[in-house]
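Report on the structure given below.
The values are calculated or read from the model by the stated rules, or taken from the named source; none is laboratory data. Only a predicted model underlies this, so the values are computations on that prediction, with no experimental measurement involved. Heads up, the Cβs are rebuilt from the backbone with ideal geometry, glycines too, and the neighbour counts pull from every protein chain shown.
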Amino acid sequence: MDTPDLVVDTAGRWKGADRAVLLAHGAGSDRNGRPLLAVADALAAAGVPSLRFDYPYRTAGKKSPDRAAVLEAATRVAAAELARRSKLPPDRLVLGGRSMGGRYCSLVVGSETEPVGALGLLLLGYPLHAAGKPDRPRADHFSHLEVPTLFVSGTRDALAGKADLTRAAKKIRGAVTFHWLEGVDHGYRPLKSTGRTVEDVLDEVATEATRWVTSL
């Protein structure tokens, strides 16, 4: 398979940074999704540069995600591009992103044959299973993850119930941190009864992600 070309955007200053972050988008979004932009801005304000990119299907103007092999290859290319731009070794790079993007970052880091090195994994709304398929969890590779991992998920996430995600994450060998967004669904939308807005939730996501990344 040919190596995919990626369209990327960056935020923050690269020179002098001691860590950098890859932010991969979810299946229904792109590199300019609101959660990624919020996190990228917060990281930049804290002195941590980041790189966002589009998977090939988005660059081609398609809505349906690429095949798994293409998504994995693109994630590997993006991680290599992050290393090239930051001039940092793999163990100073945090990989992650929203939903599908975060999942593929965890897959390349947890690969049995060609693992990608990382300082940690930032998983924003990890999709533990496909919609309506809780009996088919996407966690087989968790036992191969040995880096610190942060899950930022809503307590109403239909793709990863709190109890199920907590149970699955016990397989991870690295230190695991959870930040639960009360009354929030997989799309980071809060219940009206909480009195919160999407902007409030994204601020919380960005704040917690930045706090964790800078603590590593």
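So for the stretch 92-105 (the condition being within 21 Å of Ala17 (Cα to Cα) and of a type in the set (Lys, Arg)), does at least one residue qualify? Looking through the stretch 92-105, at least one residue is within 21 Å of Ala17 (Cα to Cα) and of a type in the set (Lys, Arg).
Of all residues in the stretch 154-167, those that are farther than 15 Å from Ala139 by Cβ have Cβ atoms under 8 Å from Cβ atoms of residues that are at pLDDT below 95 and surrounded by fewer than 16 Cβ atoms within 10 Å (Cβ to Cβ), 6 or more apart or on another chain, in Ala158/Ala131.
Among His179, His186, which is farther than 18 Å from Leu43 by Cβ and in contact with an Asp or Glu (Cβ under 6 Å, 6 or more places away or on another chain)? Reasoning before the result, please.
Numbers: His179 fails: farther than 18 Å from Leu43 by Cβ.
Being farther than 18 Å from Leu43 by Cβ and in contact with an Asp or Glu (Cβ under 6 Å, 6 or more places away or on another chain) holds for just one of His179, His186, which is His186.
Of all the residues in the stretch 129-160, those that are out of contact with any His (no Cβ under 7 Å at 6 or more places or on another chain) and at pLDDT below 95 number 6.
Quick one: which of Gly120, Gly102 is in contact (Cβ under 8 Å) with a residue 40 or more places away in the chain and either in contact with an Asp or Glu (Cβ under 7 Å, 6 or more places away or on another chain) or closer than 18 Å to His25 by Cβ (or both)? Full working, then the answer.
Working: Gly120 fails: either in contact with an Asp or Glu (Cβ under 7 Å, 6 or more places away or on another chain) or closer than 18 Å to His25 by Cβ (or both).
Just one listed residue meets the conditions, Gly102.
Taken as a whole, the stretch 173-196 holds no residue that is buried (at least 19 other Cβ atoms within 10 Å of the Cβ) and part of a helix (DSSP H, G or I). For Ala206, the conditions (1) in contact with a Ser or Thr (Cβ under 8 Å, 6 or more places away or on another chain); (2) touching a residue at least 40 places away in the same chain (Cβ under 8 Å) are fulfilled apart from (1).
Taking Val8 as the residue in question, decide whether it is part of a strand (DSSP E or B), in contact (Cβ under 8 Å) with a residue 24 or more places away in the chain, within 19 Å of the chain's Cα centre (by Cα) and over 19 Å from Thr214 (Cα atoms).
On the way: part of a strand (DSSP E or B): yes; in contact (Cβ under 8 Å) with a residue 24 or more places away in the chain: yes; within 19 Å of the chain's Cα centre (by Cα): yes; over 19 Å from Thr214 (Cα atoms): yes.
Yes.
Report those helices (runs of 4 or more DSSP H) wholly inside the stretch 23-139 carrying at least 1 residues which are small (Gly, Ala, Ser) and buried (at least 24 other Cβ atoms within 10 Å of the Cβ).
On the way: elements: 34-45, 56-59, 68-86, 99-109.
Correct list: 34-45, 68-86, 99-109.
Checked against (1) in a loop (DSSP other than H, G, I, E, B); (2) more than 24 Å from Leu107 (Cα to Cα); (3) touching a helix residue (DSSP H, G or I) at 6+ places or on another chain (Cβ under 7 Å), Leu202 meets all criteria but (1).
Taking the options Arg189, Arg211, Arg156, name whichever one is of a type outside the set (Asp, Glu) and more than 18 Å from the chain's Cα centre (by Cα).
Values: Arg189 fails: more than 18 Å from the chain's Cα centre (by Cα); Arg211 fails: more than 18 Å from the chain's Cα centre (by Cα).
Exactly one of Arg189, Arg211, Arg156 is of a type outside the set (Asp, Glu) and more than 18 Å from the chain's Cα centre (by Cα), namely Arg156.
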